[in-house]
1. Please list, in order along segment 139-155, the HN-Hα scalar couplings obtained from phi with the Karplus expression 6.51 cos²θ - 1.76 cosθ + 1.60 (θ = phi - 60°), rounded to whole Hz, x for Gly and Pro.
2. Met265 to Val52: extension gain in nm, 0.36 nm per residue of separation minus the Cα-Cα distance?
3. Given a Förster radius of 35 Å and the C-beta distance between Thr119 and Val139 as r, what FRET efficiency does 1/(1 + (r/R0)^6) yield to the nearest 0.05?
4. Run the simple label-point estimate for Val100 and Ile84 please: 7 Å along Cα→C-beta, distance reported in nm.
5. Residue by residue through segment 62-67, what is 3J(HN,Hα) from phi via Karplus (6.51 cos²θ - 1.76 cosθ + 1.60, θ = phi - 60°)? Round to whole Hz and write x for glycine and proline.
6. Kirkwood Rh and Cα-based Rg: tell me the resulting Rg over Rh for segment 121-176, rounded to two decimals.
7. Quick one: if you stick a label point 7 Å off each Cα along the C-beta vector at Ser22 and Glu74, how many nm between them?
8. Which of Ser227, Ser144 has the fewest other C-beta atoms within 10 Å, and how do the rest follow up to the most?
Amino acid sequence: MKNDYQLFRRTTPKWARLVFASAFAIVLMLVDGKAHHLQWVRATISSSLGLVQTPLHAARTWFSDAFFHVYDLERLALDNQKLIAMNQEQAARLALLNQVEQDNNVLREQQGLKLEQKTPSLAAQVLYQVVDPYARKLVLNKGSQDGVVAGQPVITSKGLLGQITGVTPITSELTLILDTKINVPVQLEHDPKVRGFISGHTSEGLLSLRFFSTEVHLNVDNVFVTSGIDGLYPAGLKVGRVSKIDTAAEGSQSTITVVPTTEGMSTRYVLILQVPDVAHMAKRSQEQASQVVQDAEPNTLGAIARARAKEKQGD
């Protein structure tokens, strides 16, 4: 049965096919070598292949361009991410450098202030803010073991910042002059006769001037400094600058709004003044402020203006 199929499996031998192909190629070369009788055949075949080759080449080019375009996009995206990361890192370093430079400038100013101050002082750093919406307090990294005592005033190179109101062995609590419970005796920088008390304002970040002298001529941008009459705050420390004067109506007091010279809650470095007999001085200062409140008279800008108007009418 197997031998019956040998007839259908017979093909031309390979050597015969090679001879035939070689002979056919030689014939074609001889025919077309000089007479060019097959020129039209080559042109027809070339045109036919061109119809297929052109779209295939265009498709290959499009796929190649698309592939490299996607590759370039991915590479650009990766490079962009690296540049963004480097930019963020450089920005963080620049911010740190700026912060260090600012701290260095502040410390230089503090050092100069420490040399200028006759009262012994202790340098301290702010650790954090006290979480209390009704108080303006900071915690410092110096405590009783460093010689800090409740009642000591705290200053910066820009002026009076506040007063120590609480002490632990390793930390202390600083209440800013922005707090409404703090009263500081002040006077005009250019006129020591004009005096009063400054305490925290109801508005955030402002001070209020109260109980000032009768003969007073205040203007916006007037600077108030500590008067030193209580013995607690050394005289001449800048406290604030007048920003607004609201003349009072009859029977009420004028409102003097003062902007503090110090940075308040954003302060980082301070000097704690080691005032002698600070407990007695703090008590004396408190008593003076209480006495002024009790004996307060309507000697405000509004009262002065009305008194002068009445004098002119009487004349």
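Readers should treat all values here as calculations from the given coordinates under stated rules, not as data from a laboratory. These numbers come from a predicted model, not from an experiment. Cβ coordinates were reconstructed from backbone atoms using ideal geometry, including for glycine residues, and neighbour counts include every protein chain displayed.
1. Once rounded to whole Hz, the list reads 10, 9, 8, 10, x, 5, 5, 9, x, 7, 10, 4, x, 5, x, 10, 10.
2. Gain in length upon complete extension: 68.7 nm.
3. My answer for the efficiency is 0.95.
4. Computed distance between label sites Val100 and Ile84 equals 2.8 nm.
5. With the stated coefficients, segment 62-67 comes to 5, 5, 5, 5, 5, 4 Hz.
6. 0.94
7. 5.2
8. Fewest-to-most ranking of Ser227, Ser144: Ser144, Ser227.
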